[in-house]
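Okay, so here's the structure we're looking at.
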Amino acid sequence: MLGHSVRSVSGKVRIFRSFKVNAGSVRPHSTECGVSGKNWLKPSGFDTGLTTFNSLTKQKEPLILARDGVATWYSCGPTVYDHAHLGHACVCARACVRVSCRSSYVRFDILQRILSRLFGITVIHAMVITDIDDKIIKRSWEENVSPSIIARMYEEDFKQDMLSLKVLPPVIYLRVTENIKRIITFIEGIIKNGHAYATKEGDVFFDIQSIGNRYGKFVGAVEMQGEVGVSNKRDPRDFALWKPSKPQEPYWDSPWGRGRPGWHIECSTIASCVFGDQLDIHSGGIDLAFPHHENEVAQSEAFHQCDQWGHYFLHSGHLHLKGSTEKMSKSLKNYITIKDFLQSYSANEFRMFCLLTKYRSAIDYSDSSMMEARTSLGTITTFIHDAQAYIKGQLQCSPVKETLLWESLAETKSKVLKALADDFDTPRAMGAVMNLVYQGNCQLQPVSTCDSTARSPAVFGAMVSYIREVLDVFGVDLLRGKQTEVQGTSANLQGIVEQLAHFRSEVRSLALSHRKDTATASLRNPLLKACDTLRNDLAPLGILIKDRGAISTWEITEGKPSQRSQSDHDSLKLKSS
């Protein structure tokens, strides 16, 4: 029997290094809620003041955490055998052979940011990387390389895609292949507790009948007929914890022979490895509720011998191509890769696209829906630009109704907090923000002349600051986002410099062609001086223009300062000639 050791992290979070096969502990709870004949036990702990829709009860519940100000959060990661697609960003496909198992990334990243940035809750997020699976093995045969190479290559590809979408990484990634011993120990514990059995063929199955009516917490579970073609089970609903490896497949030695883990056991083991016998939040796509999360719950509660392992299950809706009833997935080949998507749209625009729909809702992807998100983001950035121009005194307006704007700002703050505390209602929060922008735009109507000298820059400064703050909570960074977009579109930048340099060359050539015409000297000299000034002003910005007689060349020097001696000084030359 393994020991059950606990280590404190900053006095708040417990990391479970090993397992106790007979935990025998039941966590105390306060109230019960009927769920399809099952009981959800309201946790005892610290009430956050937020509510969230809990798939275990099919209704909103108060979010109560085991530790004050800390939320333990587990999500199933990707099965790494191919490039990530846009569906991964909204509802990420694990693409296992049994069902398209999904876990959300951008949408749940927004929720985690709201918890941490707005409500001060530290989110301890762990995620598993499935690096051994039927599809990985099949891909390795096709590519004639080892499964580990396929897994590592696409794992890195997945992480880079998540960074490009500004998804915060979990506190820890854990790979299945690096936790095989823990998985075997976990299975042994379930067997010892009387909830699993081994077969002579080398399989280990979970015994559904051993837990009575506790199975079926999620919709559809009671209708399960079991895996097709498997005949050595006691009950058709029993699912595999361990399965023997076929010829030429990777394997690990176990008490039941050479084999590898079943699909569901990896998540129960690894989540328990990090968080022990109690988990605050488990997230994933709606198609994960059954059978994956159902089986996770059964395994974990059977191992820990507890009444309730995961308190809240949050599920997000699918991403569909507009006009299609099918979800976006690799197996259906109806997907758009994240890299291709980012050629047309920015990460900020995709986040706005997600914000305009509730995380629990299915979401239709199309160019028109993306243009709606782009328009909303553009409306906000235009307002910020105009407000800053007003603050600087560059925009003349009629006297502003300052009291009305201060009241609108206070009302918006209240509405946003209420909306996000109510099951993370981002569409309602964004509606409040857009209304504030509208109120501000109504006061920023430019006039050619303004008799009054009264101005109200402070209220617009407060509005701009708040809007940026809220968007930053959601991961939409208008400042660094613009910088990243410019850096990521070097071809567009080069085109702009090319046109600018060409225009300057045309002006300079025209001026030089009239060098001996005294009648145009008063116009020629200022033009040449302006060309010199433009060249010198661009140099510190990393754009080096070199004048070689009547011809000019240019290059982007990544911000390196240029030397004045490399360029002719036409205006000075003219004065000396």
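Check the stretch 354-366 and report whether any residue there is assigned to a helix (DSSP H, G or I) and either under 25 Å from the mean Cα position of the chain (by Cα) or closer than 23 Å to residue 428 by Cβ (or both). Looking for residues that are assigned to a helix (DSSP H, G or I) and either under 25 Å from the mean Cα position of the chain (by Cα) or closer than 23 Å to residue 428 by Cβ (or both), one finds at least one in the stretch 354-366, hence yes. Can you spot a residue in the stretch 532-544 that is open to solvent by less than 60 Å² (accessible area, probe 1.4 Å), over 30 Å from residue 400 (Cα atoms), part of a loop (DSSP other than H, G, I, E, B) and modelled with pLDDT under 90? Checked the stretch 532-544: at least one residue is open to solvent by less than 60 Å² (accessible area, probe 1.4 Å), over 30 Å from residue 400 (Cα atoms), part of a loop (DSSP other than H, G, I, E, B) and modelled with pLDDT under 90.
Checking each residue in the stretch 185-199 for being more than 30 Å from residue 123 (Cβ to Cβ) and open to solvent by less than 20 Å² (accessible area, probe 1.4 Å) picks out 196, 197. Listed by first and then second residue, the pairs with beta-carbon distance under 7 Å, at least 6 apart or on different chains, first residue in the stretch 297-317 and more than 15 Å from residue 195 (Cα to Cα), second assigned to a helix (DSSP H, G or I) and of a type in the set (S, T, N, Q), are 309/300. Evaluate the following for residue 345: is it open to solvent by less than 40 Å² (accessible area, probe 1.4 Å) and farther than 25 Å from residue 287 by Cα? Yes. Helices (runs of 4 or more DSSP H) fully within the stretch 443-526 that include at least 2 residues being modelled with pLDDT under 80 and open to solvent by 80 Å² or more (accessible area, probe 1.4 Å): 478-487, 490-513. When restricted to residues that are β-branched (Val, Ile, Thr) and at pLDDT 95 or above, the stretch 273-286 contains 2.
Return yes when residue 241 is touching a strand residue (DSSP E or B) at 6+ places or on another chain (Cβ under 7 Å) and at pLDDT below 90 and no when it is not. No; evaluated as a whole, the condition is false for this residue.
Within the stretch 385-408, residues that are touching a residue at least 24 places away in the same chain (Cβ under 8 Å) and among the hydroxyl-bearing types (Ser, Thr, Tyr) sit with their Cβ atoms under 8 Å from residues that are in a loop (DSSP other than H, G, I, E, B) and open to solvent by 70 Å² or more (accessible area, probe 1.4 Å), at 6+ positions apart or across chains, in these pairs: 390/455; 398/445.
Here's the yes/no breakdown for (1) open to solvent by less than 30 Å² (accessible area, probe 1.4 Å); (2) touching a helix residue (DSSP H, G or I) at 6+ places or on another chain (Cβ under 7 Å); (3) part of a loop (DSSP other than H, G, I, E, B); (4) at pLDDT 95 or above:
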{"residue": "228", "(1), (2), (3), (4)": "no, no, yes, no"}
{"residue": "232", "(1), (2), (3), (4)": "no, no, yes, no"}
{"residue": "270", "(1), (2), (3), (4)": "yes, yes, no, yes"}
{"residue": "288", "(1), (2), (3), (4)": "yes, no, no, no"}
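Determine whether residue 95 is at pLDDT below 95, aliphatic (A, V, I, L, M) and within 17 Å of residue 316 (Cα to Cα). Criteria met by residue 95. For the stretch 377-396, the set of residues classified as open to solvent by less than 20 Å² (accessible area, probe 1.4 Å) and within 12 Å of residue 348 (Cβ to Cβ) consists of 377, 380, listed by residue number. Those strands (runs of 3 or more DSSP E) of the stretch 121-226 in which 3 or more residues are touching a residue at least 60 places away in the same chain (Cβ under 8 Å) occupy 122-130, 172-175.
Mind checking whether some residue in the stretch 245-260 is open to solvent by less than 10 Å² (accessible area, probe 1.4 Å) and out of contact with any Lys or Arg (no Cβ under 7 Å at 6 or more places or on another chain)? Within the stretch 245-260 (the criterion being open to solvent by less than 10 Å² (accessible area, probe 1.4 Å) and out of contact with any Lys or Arg (no Cβ under 7 Å at 6 or more places or on another chain)), the answer is no, since none of the residues qualifies. Inspection of the stretch 339-348 identifies no residue that is more than 25 Å from residue 160 (Cα to Cα), modelled with pLDDT of 90 or more and in a helix (DSSP H, G or I).
Within the stretch 42-64, the set of residues being touching a Ser or Thr at 6+ places or on another chain (Cβ under 6 Å), open to solvent by less than 50 Å² (accessible area, probe 1.4 Å) and in contact (Cβ under 8 Å) with a residue 60 or more places away in the chain comprises just one member, 63. Filtered by the rule that a residue be of a type in the set (S, T, N, Q) and open to solvent by less than 40 Å² (accessible area, probe 1.4 Å), the stretch 125-176 gives 130, 140.
The values are calculated or read from the model by the stated rules, or taken from the named source; none is laboratory data. All figures in this text were calculated on a predicted structure; none of them were measured in a lab. Methodologically, a virtual Cβ is constructed for each residue, glycine included, from the backbone with ideal geometry; neighbour enumeration extends over all protein chains shown. Note: areas computed on protein heavy atoms with side chains; ligands, DNA, RNA excluded. Shrake-Rupley method; radii C 1.70, N 1.55, O 1.52, S 1.80 Å.
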